[in-house]
């Protein structure tokens with residue numbers, strides 16, 4: 001078992017990574033310290049793992065809330081459902097909300113933990129690659145609003161994250177590949193060596209070999225923990241973790257939440273960020289091509305969907321949380337392994353990248369397979 | 001103008017108290033530091049004061065959200081309404097939400113500020129006595145859930161509180177008297193001298209004489225600021241500010257939010273807390289009588305409504321945020337000016353206090369006029 005610590009003083013916590021951790025009653029018992037435990041999961045993950053969790057906590061007061069599966073349910077209504085369960089079962093301030101599932105479950109359960117009685121303990125048991133490498137770490141919780149993704153939320157750190165790699169073996173192919181977008185993101189934005197490793201080991205990763213999975217989750221969590229420890233509330237460096245997300249969130253919003261998976265939209269966003277970085281002369285066309293090829297090999301889209309018009313994407317991007325003074329701020333690449341937050345790009349370059357199906361001048365054409 | 005500082009380090013802020021402050025453009029301009037201003041008010045207060053605020057900020061981007069009036073609208077739906085307005089108007093993280101109104105407006109607008117994009121600036125312009133002396137100070141924000149009051153919320157401090165005493169002159173009589181419950185609370189729980197002053201000056205206060213109003217608001221805010229500065233997130237002393245509220249919240253919940261005003265329910269709760277304190281022998285019957293008489297002179301109820309059964313009140317109290325291990329914790333009096341959080345009281349004493357219309361043994365009968 002690997003342990004990585006998120007260094008946040010009194011709000012610091014461990015991330016445990018390993019095979020079969022959800023069956024480790026002793027570990028779960030130490031991660032969840034309270035008598036009252038509210039397990040939040042979804043209808044896909046619950047039947048697979050909730051029983052084991054309930055066994056681990058049979059000496060506690062455990063209740064379960066099962067949300068429908070998918071980004072379309074990351075809403076205030078789902079929040080309200082969790083609140084009702086907490087109140088109906090007389091849960092007190094000294095309780096723990098436990099998220100068992102992917103990014104949607106973690107985000108909405110975490111926001112419930114942040115708000116219930118103005119804040120209760122929270123534990124993340126991520127069961128998707130995307131949640132294990134990204135969303136379960138760092139304390140960002142939120143629900144969506146029809147007008148913008150993650151617009152209603154809170155910073156609320158978990159007290160522990162337990163990432164059981166065994167859950168990744170049952171993950172369906174589309175979900176697994178979506179998680180790779182966030183893995184690739186870390187290499188691109190701050191870890192050139194990891195990007196090189198991904199180029200060399202993508203096939204092992206796609207085959208879900210334990211060694212490759214372990215390294216990918218570990219290195220991603222180390223990167224995330226380092227950034228979050230330095231800038232918990234995103235006053236600086238943490239914004240760089242949004243590489244690909246300004247475009248990605250706009251794609252999700254324009255298509256409707258859940259049509260593309262979050263990771264699929266981020267994958268296209270990474271390629272769009274690479275494209276505009278190339279147009280600005282920040283990275284070479286060959287660098288752009290390496291990025292697009294890796295995303296493509298991961299079976300992920302490399303461009304925005306035809307159904308999303310440039311004007312619709314631009315409108316959706318105008319409510320991004322990074323924006324200041326009406327200006328859309330983008331995380332752009334200066335090299336593989338180095339990114340920066342920019343607002344000094346020409347608007348024309350952004351418009352060019354947003355044109356559906358228009359390959360950028362000077363870079364290779366790339367259009368990923370649309371998700372199933 | 002009086003200035004009181006809430007000492008919370010980087011989250012500290014000033015409370016300004018005085019006559020005509022909402023017409024002081026310079027003060028408002030300093031309190032609200034951002035270009036984008038979302039004014040949240042209700043349909044009763046908005047027509048009276050929102051125009052003046054909008055004039056003060058005519059060089060900013062100001063939008064207004066008007067909620068219906070009353071506790072029944074302190075809901076997730078109202079939160080959602082504010083979020084929609086923020087997003088439709090492209091409000092960024094660097095915006096300010098300004099609450100203009102009483103406790104309901106302040107609590108829901110504050111929660112919106114806490115959650116929008118995971119937290120934006122917040123300014124309180126309280127226009128009721130209750131909000132000026134209590135709810136606008138201290139950073140507790142929340143909405144109600146059908147199963148419990150203030151169960152969904154956050155700690156989110158304002159950056160400034162501007163309490164214009166002139167707004168109290170137009171406050172209707174019932175609202176004004178409700179605010180007195182919180183004023184009396186401070187005397188009871190930690191300021192014996194203030195309680196004595198209230199006994200001597202209640203008539204001037206009821207006549208809304210400027211000198212009496214100024215002292216009552218100032219002394220209440222000084223007490224609140226002192227407690228919040230020492231215990232922002234209610235790990236200890238701050239729970240004492242809940243004197244009367246465990247009973248009060250239960251009354252509000254059982255009758256339905258808005259049937260009794262919050263302050264009316266708290267007034268009855270103060271008398272119930274005095275009654276159980278007397279039953280336990282912590283305070284003398286004559287002390288109990290002084291408390292009930294002051295509440296009665298303020299025109300406030302001194303007992304739970306007949307319509308609320310003991311069993312219904314008990315059920316509602318079982319979801320109180322102070323409870324631990326299934327035990328209802330109560331703030332009880334040891335003397336006028338001294339309170340403590342207790343769970344070592346006999347259940348029979350609690351049941352006796354909850355019996356509708358049953359005067360306690362050994363203390364004078366007291367039943368306040370039901371609110372209009």
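Things worth noting here:
- Relative contact order for chain A, counting Cα pairs under 8 Å that sit 6 or more residues apart, in percent: 15 percent
- Beta bridges assigned by DSSP with both partners in chain B are antiparallel in approximately 40 percent of cases.
- Convex hull volume of the stretch A:313-354 per residue (C-alpha atoms, cubic angstrom): 86 Å³
- When B:185, B:33, B:140, A:322 are arranged by Cβ crowding within 10 Å, least crowded first, meaning fewest neighbours, the order is B:33, A:322, B:140, B:185.
- Of all DSSP-defined beta bridges confined to the protein assembly as shown, some 40% are antiparallel rather than parallel.
- Relative contact order [Cα under 8 Å, 6+ residues apart], the stretch B:173-354, whole percent: 29 percent
- Note on the stretch B:128-241: Cα convex hull, mean projected area over all directions, 7.6 nm².
- At 1.567 mPa s and 4 °C, Stokes D of the stretch A:81-149 from Kirkwood alpha-carbon radius, µm² per second: 105 µm²/s
- Exposure proxy order (Cβ contacts within 10 Å, fewest to most) of B:15, A:4, A:152: A:4, B:15, A:152
- In the frame of its principal axes, the stretch B:2-169 has Cα extents of 40, 35, 32 Å, reported largest first.
- For chain B, a Gaussian network of Cα nodes joined below 10 Å ranks B:335, B:274, B:250 by mean-square fluctuation, and the top entry is B:335.
- Springs between Cα atoms under 10 Å define the GNM used for chain A, and in it the highest mean-square fluctuation of A:312, A:109, A:207 occurs at A:207.
- Here the extension length gained between residue B:207 and residue B:335 equals 43.2 nm, from 0.36 nm per residue of separation less the Cα-Cα distance.
- Cα pair distances exceeding 44 angstrom across the protein assembly as shown, given as percent: 30 percent
- Counting only alpha carbon atoms, the long axis of helix A:210-230 and the longest principal axis of chain A meet at about 90°.
- Exposure proxy shown here: for B:194, B:57, the number of other Cβ atoms within 10 Å sets the order, fewest to most, as B:57, B:194.
- In plain terms, the chain from residue A:327 to residue A:19 could stretch by 106.4 nm, reckoned as 0.36 nm per residue minus the Cα-Cα distance.
- Degrees between helix B:192-206 axis and first principal axis of chain B (Cα, 0 to 90, nearest 10): 70 degrees
- Euclidean distance between Cα centres, the stretch A:54-102 to the stretch B:159-194, Å: 39 Å
- Take residue A:25, push a point 7 Å out from Cα through the beta-carbon direction, and compare it with the same point in every other copy: 7.2 nm, smallest first.
- Label geometry 7 Å along the beta-carbon vector: residue A:43 inter-copy distances in nm: 3.8
- Based on the Kirkwood approach, the hydrodynamic radius assigned to chain A is 20.6 Å, with every pair of different Cα atoms included.
- Springs join every pair of Cα atoms under 10 Å in this Gaussian network model of chain A, and among A:240, A:48, A:294 the largest mean-square fluctuation is at A:48.
- Mean residue ellipticity, 222 nm, helices only, the protein assembly as shown: the sum of -39500 (n - 2.57) across DSSP H runs of n ≥ 4, divided by residue count and rounded to 500, is -13000 deg cm²/dmol.
- Between the Cα long axis of helix B:285-297 and the first principal axis of chain B there is an angle of about 40°, rounded to the nearest 10.
- The stretch A:2-169: antiparallel DSSP beta bridges as a percent of all, rounded to 5: 30 percent
- Using a Förster distance of 51 Å, the FRET efficiency for residue A:8-residue B:297 (Cβ separation, nearest 0.05): 0.50
- Per residue Cα convex hull volume in Å³ - calculated over the stretch B:173-354: 108 Å³
We did not get these values from a lab; they are worked out from the coordinates using the rules stated. Since the model is a prediction, treat every value here as computed from it, not as a measurement. Positions of Cβ are backbone-derived with ideal geometry, glycine not excepted, and every protein chain shown enters the neighbour counts.
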